[in-house]
Amino acid sequence: MKLLLGHCIGFDDQDQLTDTARGGLLIDQGVIQAMGDGAELVRRYPQAQVVDHGSSYLMPGFVDAHVHYPQLPVIASHGEQLLEWLERYTFPEESKYGDLDYACAQAEQFLDLTLAYGTTSAAVFSTVHATSAEALFQAAGRRNLRLATGKVLMDRHCPESLRDDPVSGYQESERLIRSFHGQGRLEYAITPRFAPTSSAEQLAACAALWDAYPDVLLQTHLSENADEIRWVSELFPASPDYLGVYEQFDLVRTRALFGHAIHLSAREADSLRERGGVLVHCPTSNLFLGSGLFEFQAHARAGQRLALASDVGGGSALSMWSTMLGAYQVSAMLGQALDAQQLLYAATLGGARSLGWDCVGNLAVGYEADILVIDPHATALTSQRIGHSTSLEEALFALIVLADDRHVSDVYVAGQRVSD
Ligand SMILES: [Zn+2]
């Protein structure tokens, strides 16, 4: 039993930001069992091991709803839009992940880096190789992370070395589901890359697999880029639009995660909302690859299920701080500026809920104890700015704009300090 003391920040029953300056979190069995005034909890639980984080913020860990771990080596590659970027940078790197040793080393490095930035849960793309998903599941399992991944399904319009077929893709995904889904905090995500790289047979196989294992996630891409959308309309001429392809194969359900989803028609947006699909906003990627401006505020007002994501390597940062800043910048471009409350909610509790993870993303009794210790004074720039802030919202917004991994001084995963 552990009692963490610090400036506790979370969300109340109305999903509004709430804080307790000298608060405490009692953790047992990886779950928050009590919270409130720190001194009071110290008196009530004399047997608990007290860890005092002083005036640092204790916050829920970040949720990254769309990220490609095998693209870490090609982050920050210059000068292409989506389809050329895949050909030139992504596919050559992804071709290496049939080698289990290489995949394991990359998975370890990816998780070390994401944790350093405060991301404690993620929905992650592996590559077409079952070994790549296996490597990440094992690395995440060792760290006891709540994480979903899946082997990419891709049976056409890609290099031979990255191609499966409808039957082998189904069988390998099923084997991975049986081995890893529900093991500890791990979950499986059926992962067709996007409509252009899966045949009709493969998309139909995805639906059959999902029918057989209805409690897994599905993750893919949707309406990221103009050339991509044109290509989809050529490949599936009978479909009314891009989303129509996924609808035709019954892949638009709750817990279906659609990365980007920038250029949606009114019909597509309505259909997504009615079917409960999740729109995953990838702002730094959309800016970096010049894909477009996602209308987060309008989608939120319309009641869409939303999440926030880095989309590394198209994204320019693993950090959810940078991702929130990107989301703010895009919303400012659209004249619909998001505030600190909305940004933090999307990066934690809101994203977690959209993914169906009702047990993470907040500091509240009953939640799994994925907790960040944030030092607002980690750099001189933030320290002076926080010193001039007059409200919690103002201080948090300044961190969203200015913070990086230096501000994440400690991370707890299911109550265990990562540095231990
Ligand atoms: Zn992506």
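Coordinate-derived values only; no laboratory data. Computed from a predicted model, the values in this text were never measured in an experiment. Backbone-built Cβ (ideal geometry, glycine too); neighbour counts: all protein chains shown.
Observations
- Looking only at the range 289-316, and only at residues there that are without any contact (Cβ under 8 Å) to a residue 60 or more places away in the chain and in a loop (DSSP other than H, G, I, E, B), the one that is nearest to the ligand (Cβ to nearest atom): F294
- The requirement of being surrounded by fewer than 21 Cβ atoms within 10 Å (Cβ to Cβ), outside any strand (DSSP E or B) and among the polar types (S, T, N, Q) is not satisfied by Q71.
- One residue alone among A352, A332 is more than 26 Å from S389 (Cα to Cα) and either more than 16 Å from the ligand (Cβ to nearest atom) or of a type in the set (D, E) (or both), and that residue is A352.
- Test: L363 is in contact (Cβ under 8 Å) with a residue 12 or more places away in the chain and outside any strand (DSSP E or B): yes
- Taken over the range 267-286, residues that are hydrophobic (A, V, I, L, M, F, W, C), outside any helix (DSSP H, G or I) and more than 13 Å from the ligand (Cβ to nearest atom) amount to 2.
- Flag if C104 is more than 28 Å from D358 (Cβ to Cβ), hydrophobic (A, V, I, L, M, F, W, C), touching a residue at least 12 places away in the same chain (Cβ under 8 Å) and part of a helix (DSSP H, G or I): yes
- Set T191, T197: member being under 21 Å from the mean Cα position of the chain (by Cα), crowded, with 18+ Cβ neighbours inside 10 Å and within 16 Å of the ligand (Cβ to nearest atom): T191
- Residues of the range 8-19 classified as touching a helix residue (DSSP H, G or I) at 6+ places or on another chain (Cβ under 8 Å) and within 22 Å of Q49 (Cα to Cα), total: 1
- Answer from T127, T114, T120 - the residue that is of a type in the set (V, I, T), away from the ligand (no atom under 16 Å from the Cβ) and touching a strand residue (DSSP E or B) at 6+ places or on another chain (Cβ under 8 Å): T120
- Scoring E87 on the criteria (1) under 25 Å from the mean Cα position of the chain (by Cα); (2) buried (at least 18 other Cβ atoms within 10 Å of the Cβ); (3) not hydrophobic (A, V, I, L, M, F, W, C) leaves a single failure, condition (2).
- For the range 8-27, the criterion of being under 29 Å from A317 (Cβ atoms), part of a strand (DSSP E or B) and charged (D, E, K, R) is met by at least one residue.
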